[in-house]
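Single-structure report; data block below.
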Amino acid sequence: MKKTLLLLFALVVTTCAFAAKPPLDHSVYDGWKSVSRVLVENDGDWAQWTVAPQEGDLVLHLYNIKTGKTYDIERASQARISADATKVVFRIAPKFQETRQAKIDKKKPDAMPKDSLGILDLASGRIEKYPLMKNFKLGETLGDYVAFQEAEKPAPKPDPKDKKEKEGEKPEKEPKKPAPKSTKDNLYILNIKTLAVDTIACVESYVVSKKGDCIAFVTNPDKKDSVNVRGVFLYDPAGKACHEVITGEKAATFKSLAFNDAADKLAFFATLDTAKDAKKSLDLYLYDGTVRKLVAHDSAKLPKGWKLGDAAAVRFHDDYLTFGTCPIPREKDTTLVDFEQPKLDIWVWNDDYIQPVQKNNLRRDLAKTYLAKVNYDGSGFVQLADEQVPNVSIDEKNGQDYILVSTDKPYRVQRSWSYAPHSDIYKMSLKDGSRELVCKDAPFSNLSVSPDGAYAVAFHAKENNWYLYTLATGEFKELTSQLGVTFWNEEDDHPADPGAWGRAMWAEDAKFFWIPDQYDLWQFDPTGAAAPFRVTEGVGRATKTTYNYTSPYYDPEARGPFGGGTIKYDKPVYFTLFNHVTKEHGYAVKDLKKKKAKLQKLYEGPYSFGNLAVSAGKKGNTLLYTRGNFEDGNNVWKTADNFKTQQQMSDINPQQRDYNWGTVELVSWTSADG
């Protein structure tokens, strides 16, 4: 009897405690916060992450991994830490409620709340703010300088106290005051160390070099301006020296400035002809101490009826530039007013795309450009892409004479009823643009080209195997059929050929590449000198755990699958893992530089992980990451001893503990058919 009473008492207490917490409802959703963008620049000491509510103002958090010093900055984003870790540059957004109210009041764009530029001194915590910011730019590595422009200042409202109107009295006529000089086109170059500011007037556009040590800009003075001239200029912020590149009349056009990595070359589009029709036709220029026109708008090398297009960026390669060209659009009939212009949607059964797709892509298609190249001396113009093979790209590290290109144009009509993609693959010469058909109606997908452009890897959708293609020899080599495991997605139940488990990923130096099966990552040598092997050592398949590559290292140039552009194995490489039996996630690491490199599982637990970032220290790496699950929520954590201990760094949703909350339980069962 005594035990029964105690049990009933415990149940009553538990029920009352649970009932005391309110249920979750729609009124509190907007206050729930999420964490994002955990990173450590240059493997340094300062980590940053952002916490944002569903609706409201976000907060930037800065944390010194060595000292524990912290800064919380409201409404800050796009933060960059200087290379010497003394300053932080960031954008400060207006308060959410101010912007919301301005939208409700239907204010004009120039009267909307504006962003500010912020500079934080990490030693003192002092923040310098520069209001009414329109934009800011800095180098890939933040040195001493940041460039920015101001937004248009709203017109001041008239003060009723200044009016001297009295009944029966004629107001005095005030002398006309000159309008204040606009600063909206000023370019400001700020030294973030000394806070000294250099001002350049009437700047239309500008670009900052990769190292942040040189700025190119286009001036656009007012018609009545007798001091400034229209042109392209270079500015050295350290030496405070301005150098003229090219000038023209005030009606001349200059567009799309682009530096090479070393900032000793500058490319841009321009037309010095100020005639109305001529302004629509641009020439391509290169400056490397002297200015020369590489491609003229009326060059015979351009396809007939085509022109240079500035919608695509100019890119530098070893000894040539790539840029865009496009057909000259048909002139609009200006003899009719807009409401008398006929507007028709004409559909033909054999159009490449059905009508809704055409409408959706109209703006993109009107701005479409096609890749071309020219040497630095103006020779060797080649039109690479055209309307038959519209999508051509060349990696900046590509040192080959040929590239692989593909086109789906012959198969676009059948794409409207066929789920499977179809394309033709060509080997294209960079010397003359000629194309050699490699595979017609190719069954390949997940195409991945090596960084140096010498090889390509793709998945054969019909054979369910991976192939390697060598551009120099034109040889196809089948890679995976004899490895004893399947590389196609056995769990895919679409009514089509199954795909691969993922894309191939290349080492930065192209010495090897990885291909995933369901559980492990396999390493292949493109030369065939070394036999393929599991870089994850077969642990994945043995434990039914999927391993995927992830990079914790800050890389502003990173592009590609698995969270990084290429595999950089000069440092330990990290893997995410997911156990299909326990449904737990975790991390593993392997140092590929060691002769007897061994995969080390760091942690596996009932959480989801993400945003892995690393701080390199003399005594070992400190890792920061997000960790969470349904019961605990997602927060920032750190470990300095490879997950032997973990420290929680944020508590973004403490209010979750005030509500009735569910629990999670892993359930296994056997179905009726066994």
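The values are calculated or read from the model by the stated rules, or taken from the named source; none is laboratory data. Quantities reported herein were computed from a predicted structural model and do not represent experimental measurements. Note that we place each Cβ from the backbone using ideal geometry, even for glycine, and neighbour counts take in every protein chain shown. For the accessible areas, the whole protein counts, side chains as well, though only heavy atoms, and no ligand, DNA or RNA atoms are used. Shrake-Rupley method; radii C 1.70, N 1.55, O 1.52, S 1.80 Å.
Points to keep in mind about this one:
- Among the residues making up segment 502-560, those that are closer than 28 Å to Thr470 by Cα and of a type in the set (A, V, I, L, M) are Ala504, Met505, Ala507, Ala510, Ile515, Leu521, Ala529, Ala530, Ala531, Val535, Ala558.
- The one condition in (1) within 29 Å of the chain's Cα centre (by Cα); (2) open to solvent by 40 Å² or more (accessible area, probe 1.4 Å) that Val389 fails to fulfil: (2)
- Every residue from segment 99-112 that is assigned to a helix (DSSP H, G or I) and either over 17 Å from Asp57 (Cβ atoms) or open to solvent by 100 Å² or more (accessible area, probe 1.4 Å) (or both): Arg100, Lys103, Ile104, Pro109, Asp110, Ala111
Quick grid of which residues meet (1) part of a loop (DSSP other than H, G, I, E, B); (2) open to solvent by 50 Å² or more (accessible area, probe 1.4 Å); (3) over 21 Å from Val413 (Cα atoms):
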{"position": "Ala312", "(1), (2), (3)": "yes, no, yes"}
{"position": "Phe323", "(1), (2), (3)": "no, no, yes"}
{"position": "Arg330", "(1), (2), (3)": "yes, yes, yes"}
{"position": "Asp333", "(1), (2), (3)": "yes, yes, yes"}
{"position": "Trp347", "(1), (2), (3)": "yes, yes, no"}
{"position": "Tyr353", "(1), (2), (3)": "yes, yes, no"}
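- Residue match in segment 410-419 (condition: on the phi < 0 side of the Ramachandran plot, surrounded by fewer than 18 Cβ atoms within 10 Å (Cβ to Cβ) and either part of a strand (DSSP E or B) or in contact with a helix residue (DSSP H, G or I) (Cβ under 7 Å, 6 or more places away or on another chain) (or both)): no
- Residue in segment 114-129 that is open to solvent by 50 Å² or more (accessible area, probe 1.4 Å), part of a strand (DSSP E or B) and either on the phi > 0 side of the Ramachandran plot or modelled with pLDDT of 95 or more (or both) present: yes
- Neighbours by Cβ (under 9 Å, 6+ apart or cross-chain): first from segment 392-416, touching a residue at least 12 places away in the same chain (Cβ under 8 Å); second surrounded by 16 or more Cβ atoms within 10 Å (Cβ to Cβ) and aromatic (Phe, Trp, Tyr): Val392/Tyr370; Glu396/Phe316; Leu404/Tyr426; Leu404/Tyr469; Val405/Tyr426; Ser406/Tyr426; Ser406/Phe444; Thr407/Tyr426
- Candidate set from segment 596-640 (those that are of a type in the set (Lys, Arg) and over 26 Å from Asp658 (Cβ atoms)); member that is least open to solvent (accessible area, probe 1.4 Å): Lys638
- Odd one out for Phe578 among (1) over 19 Å from Glu665 (Cα atoms); (2) in contact (Cβ under 8 Å) with a residue 12 or more places away in the chain: (1)
- Across segment 271-287, the number of residues qualifying as assigned to a loop (DSSP other than H, G, I, E, B) and open to solvent by less than 60 Å² (accessible area, probe 1.4 Å) comes to 4.
- Looking only at segment 536-550, and only at residues there that are in contact with a Leu (Cβ under 8 Å, 6 or more places away or on another chain) and assigned to a loop (DSSP other than H, G, I, E, B), the one that is surrounded by the fewest Cβ atoms within 10 Å (Cβ to Cβ): Glu537
- Check on Asp591, in contact with a Phe, Trp or Tyr (Cβ under 9 Å, 6 or more places away or on another chain) and either among the small types (Gly, Ala, Ser) or farther than 24 Å from Tyr29 by Cα (or both): yes
- Subset tally (residues that are outside any strand (DSSP E or B), in contact with a strand residue (DSSP E or B) (Cβ under 9 Å, 6 or more places away or on another chain) and not β-branched (Val, Ile, Thr)) for segment 50-80: 7
- Number of the exception - Ala263 against (1) surrounded by fewer than 15 Cβ atoms within 10 Å (Cβ to Cβ); (2) outside any strand (DSSP E or B): (1)
- Candidate set from segment 214-246 (those that are among the small types (Gly, Ala, Ser) and without any contact (Cβ under 8 Å) to a residue 24 or more places away in the chain); member that is most open to solvent (accessible area, probe 1.4 Å): Ser226
- Some residue of segment 366-374 being surrounded by 10 or more Cβ atoms within 10 Å (Cβ to Cβ), polar (S, T, N, Q) and more than 23 Å from Lys431 (Cβ to Cβ): no
- Residue satisfying condition, being touching a residue at least 12 places away in the same chain (Cβ under 8 Å), of a type in the set (D, E, K, R), surrounded by fewer than 21 Cβ atoms within 10 Å (Cβ to Cβ) and assigned to a strand (DSSP E or B), within set Lys211, Lys293, Lys193: Lys293
- Some residue of segment 302-325 being in contact (Cβ under 8 Å) with a residue 60 or more places away in the chain and among the small types (Gly, Ala, Ser): yes
- Scanning segment 562-578 for residues that are modelled with pLDDT of 95 or more and more than 30 Å from Gly453 (Cα to Cα) turns up at least one hit.
- Filter pass, Lys301 being more than 22 Å from Thr219 (Cβ to Cβ) and touching a helix residue (DSSP H, G or I) at 6+ places or on another chain (Cβ under 9 Å): no
- Selected residue (criterion: farthest from the chain's Cα centre (by Cα)) from residues of segment 641-670 that are hydroxyl-bearing (Ser, Thr, Tyr) and either over 20 Å from Lys33 (Cβ atoms) or open to solvent by 50 Å² or more (accessible area, probe 1.4 Å) (or both): Thr670
- For segment 355-396, the tally of residues that are of a type in the set (Val, Ile, Thr) and part of a loop (DSSP other than H, G, I, E, B) stands at 4.
- Those strands (runs of 3 or more DSSP E) of segment 443-486 in which at least 2 residues are among the small types (Gly, Ala, Ser) and closer than 20 Å to Ile567 by Cβ, considering only elements entirely within it, cover 455-460.
- When segment 587-608 is filtered for residues that are more than 19 Å from Gly620 (Cβ to Cβ) and within 28 Å of the chain's Cα centre (by Cα), the ones remaining, listed by number, are Tyr607, Ser608.
- Within segment 393-428, restricting attention to residues that are in contact with a strand residue (DSSP E or B) (Cβ under 6 Å, 6 or more places away or on another chain) and not β-branched (Val, Ile, Thr), the residue that is nearest to Pro303 (Cα to Cα) is Met428.
- Every condition in (1) at pLDDT 95 or above; (2) more than 29 Å from Lys129 (Cα to Cα) is met by Tyr71 except one, and the failing one is (2).
- The residues of segment 504-535 that are within 18 Å of Phe578 (Cβ to Cβ) and either over 29 Å from the mean Cα position of the chain (by Cα) or assigned to a loop (DSSP other than H, G, I, E, B) (or both), listed by number, are Asp517, Gln518, Tyr519, Asp520, Arg534, Val535.
- Top-ranked residue of segment 69-93 - restricted to ones that are of a type in the set (A, V, I, L, M) and within 28 Å of Met112 (Cβ to Cβ), ranked as surrounded by the fewest Cβ atoms within 10 Å (Cβ to Cβ): Ala93
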